[in-house]
Amino acid sequence: MSGASEQKSGKVDFIGVVQEEASKVTIFPEFCAGLKGLENFSHIIILYWFHLRDHKKERQTLKVVPRRHLGAPEVGVFSCRSPSRPNPIGLSVVELVEIKGCTLIVKGLDAMDGSPIVDIKPYMPRSESIPNARAPEWTDHGSPT
């Protein structure tokens, strides 16, 4: 690619942490002002760090058999949602139930207690929902993530 950056690493500052079995997300005070206006959205996208998989061996994983999908073939890690991956970042689209100060109460977060929060984005149906999207048949079996 002409003009493409060859930067191979960067810095991530965690902005909060998952608490209480993935139903509560506490945002650190220095990032709390960034929540302004979020209450107007019914759903949000939460990016989080798979902190229990942040080890050299797990980060070298490039092929897996997706465990949550019965009968799935071995695929490249970028073809599934495995927590073992070069950059252990998770993504969940969740229902935003309530905001109490710097704490988000959510439904549907597929993250472990203690998972650091990388970022939060509003879910925008007009741009996030792809009507004719396709996926391999094996993704039809098992959990939705």
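Each reported figure results from applying straightforward, stated rules to the coordinates on display, with no laboratory input. Computed from a predicted model, the values in this text were never measured in an experiment. Cβ placement follows ideal geometry from the backbone for every residue including glycine, while neighbour counts extend to all protein chains displayed.
Find the Rg to Rh ratio for the chain, where Rh is the Kirkwood radius over alpha-carbon pairs and Rg uses the same atoms. All intermediate terms of the calculation are to be shown ahead of the outcome.
Working: Rg = 16.7 Å, Rh = 16.9 Å.
Ratio of gyration radius to Kirkwood radius for the chain: 0.99.
List, in order, the whole-Hz ³J(HN,Hα) value for each residue of the range 87-101 obtained from phi through the Karplus relation with A = 6.51, B = -1.76, C = 1.60 and θ = phi - 60°; use x for Gly and Pro.
After applying 6.51 cos²θ - 1.76 cosθ + 1.60, I find 10, x, 10, x, 9, 9, 9, 10, 7, 8, 7, 6, 10, 10, x Hz.
How do S127, S82, S92, S115 line up, fewest other C-beta atoms within 10 Å first? Don't skip to the end; give the middle numbers.
On the way: S127 7, S82 21, S92 18, S115 25.
The order, fewest Cβ neighbours first, is S127, S92, S82, S115.
What list of ³J(HN,Hα) values in whole Hz, one per residue of the range 58-63 in order, does the Karplus curve 6.51 cos²θ - 1.76 cosθ + 1.60 (θ = phi - 60°) give from phi, with Gly and Pro shown as x?
5, 6, 8, 5, 10, 9
What order do you get for L47, L109 when you list them from fewest to most C-beta neighbours inside 10 Å? Can you show the working numbers first?
Details: L47 16, L109 22.
Listed from fewest to most nearby Cβ atoms, that is L47, L109.
Under 5 Å between amide hydrogens, which residues at least 5 positions from G16 or on another chain qualify, with H placed 1.01 Å from N in the peptide plane?
F28, I117
What Cys residues in the chain have no fellow cysteine's beta-carbon under 4.7 angstrom?
Those would be C80, since no other cysteine Cβ in the chain comes under 4.7 Å of theirs.
In this model, which of K24/K57; K24/K121; K11/K100 are farther than 19 Å apart at the alpha-carbon?
Values: K24/K57 30 Å; K24/K121 16 Å; K11/K100 29 Å.
Long pairs (Cα-Cα over 19 Å): K24/K57; K11/K100.
Contact order normalised by length for the chain, with contacts defined as Cα pairs under 8 Å and 6 or more residues apart; what percent is it?
On the way: 249 pairs, mean separation 51.6, N = 145.
The normalised contact order for the chain reaches 36 percent.
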